[in-house]
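The values are calculated or read from the model by the stated rules, or taken from the named source; none is laboratory data. The structure displayed is predicted, hence computed values, not measured ones. So basically every Cβ, Gly included, is an ideal-geometry build from the backbone, and we count neighbours across all protein chains shown. With ligands, DNA and RNA removed, areas are computed over all heavy atoms of the protein, side chains included. Shrake-Rupley method; radii C 1.70, N 1.55, O 1.52, S 1.80 Å.
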Amino acid sequence: MTFLTEEVASQPATWRLARGVSAAGLPAPGERVAVLGCGTSWYMAQAYAALREAAGQGETDAWPASEFPAARRYDRVVALTRSGTTTEVLAALARVDGAPTVAITAVPSAPVATAADTVIALDFADERSVVQTRFATTALVLLRTHLGEDTSALPSEASAALAADLPPAGSQFTFLGTGWTIGLANEAALKLREAAQAWTESYYAMEYRHGPISIAAPGRAVWLLGDAPPGLVDAVRATGAHVEVSSGDPLADLVRVHRLAERLAVERGLDPDHPRNLTRSVILS
C-alpha cells in the first residue's frame, strides 16, 4: 500500500476533525483579503476566494505566492502551506506591510510559525506522500466551515466517494469548473499530472467551447466538477469523449480524482508517492 492510498482514504476522518478546529485569525466579514499558496495550495486558495466572495464576505484575491503584490492594500493575508517551508510563501509573508497574517499548515513548528502572526495547525492532516491530497481538502473544509457553510455532510460524502465507481481510463483528461470549482478543476488536473504523468488540462466550463473542445475525442474524458452549463454535456458527448458529471459536493468528487490518479500511476508502473522531479516542498537557495 502506498502512503497516498492511506492518505486519500483518511479524508472523511480529517474532514470531521477540521470542522472542530478553531478558526481564530481567519478573515472577518467585510475584510479585503489575499490568499496565498503554491501549487495545490494556490488552487485551494482559488476555491476559497471564490466561495468567500460569493458568500458576500468581502473582496478576496487568490495569488500564487511568487506573484503576491505586496504594495496592494489588504486587511488580512492568509497563507496555505502544507510543509510551512516553501520559499515563495515565506518570502511573500515577509513582504506583507502592516496587515495581519495567518498561515494554515500541517507543520506548526516549521519556519512559517515565525513568519505569520497566527498559525492554524492541521497536523492531523499531514502527509508522507509528495502528492498532496488530504491536507488541501481538509484546509478547504476548515475554510468553508468558517464561512458559515453547513459542512456536516461532507465527511459522509467523502466516504461515499471512496466507494464510488471511477470513470474509464482514457488517454487524456480535461477538468472543468465554474466559480469556486475552477480551483478544484485545476487541482484535479495537477493530481493526474503529478502522480501518473497524464496529459491533463483544466478550464472554466464556459470557456471550454472556445477552443479546447477541439481535442475532445473517443478515448478521452471530460470531467465537470460542479454544475454543468446548459448544453455543454451534449456538446462534449457529440465528440465521442466520455463525460463525467459530479453528483453531490464537488469537493467529495475530488476524492474520486485522487483515487483515479493513484490507479493510473500504478497501472503505468509509477510510484505515486515519489513523482519524478518533485519534492515535498520547494526550498530555493
For this session: Compute the Cα gyration tensor for the range 1-45, then decide on rounded, prolate or oblate, letting a ≥ b ≥ c be the square roots of its eigenvalues: rounded whenever a/c is under 1.5, prolate when a/b is larger than b/c in the other cases, and oblate in all that remain.
Result: oblate
Seminar exercise, completed: Between Ala79 and residues 5 or more places away or on another chain, the pairs with built amide H atoms under 5 Å apart involve Leu36, Val102, Ala103, Ile104
For this session: Tell me what the chain gives for mean residue ellipticity at 222 nm when only DSSP H runs of n ≥ 4 count, each as -39,500 (n - 2.57), the sum divided by the residue total, rounded to 500 deg cm²/dmol.
Result: -11000 deg cm²/dmol
Seminar exercise, completed: The set of residues whose placed amide H lies less than 5 Å from the amide H of Thr60, leaving out same-chain residues fewer than 5 positions away, is Val33
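Counting only heavy atoms of the protein chains, get the accessible area per residue of the range 196-244 (1.4 Å probe) and round it to a whole Å² value.
Here the per-residue accessible area is 48 Å².
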For this session: Provide, in order from the shortest bin, the percent of all Cα-Cα pairs of the range 220-269 in each 5 Å bin, continuing until the bin that contains the maximum pair distance.
Result: 4, 19, 23, 20, 18, 11, 4, 1
For this session: Could you order peptides 107-118, 64-75 by the average number of other Cβ atoms within 10 Å of their residues, highest first?
Result: 107-118, 64-75
For this session: Round to a whole angstrom and tell me the spacing of the C-alpha centers of the range 169-245 and the range 5-54.
Result: 24 Å
For this session: Tell me the label-point distance for the pair Ser214, Asp234, using the 7 Å Cα-to-Cβ offset, in nm and rounded to one decimal.
Result: 2.5 nm
Seminar exercise, completed: Quick calc, the range 208-282, dipole around Cα centre from Cβ unit charges on Lys, Arg (+) and Asp, Glu (-), nearest 20 debye, gives 240 debye
Seminar exercise, completed: Extension length gain for Thr87 and Arg268 (0.36 nm per residue less Cα distance), in nm, is 61.9 nm
Exercise. Using mean Cβ contacts within 10 Å as the protection proxy, how do 44-54, 123-133, 25-35 order, highest first?
Worked result: 44-54, 123-133, 25-35
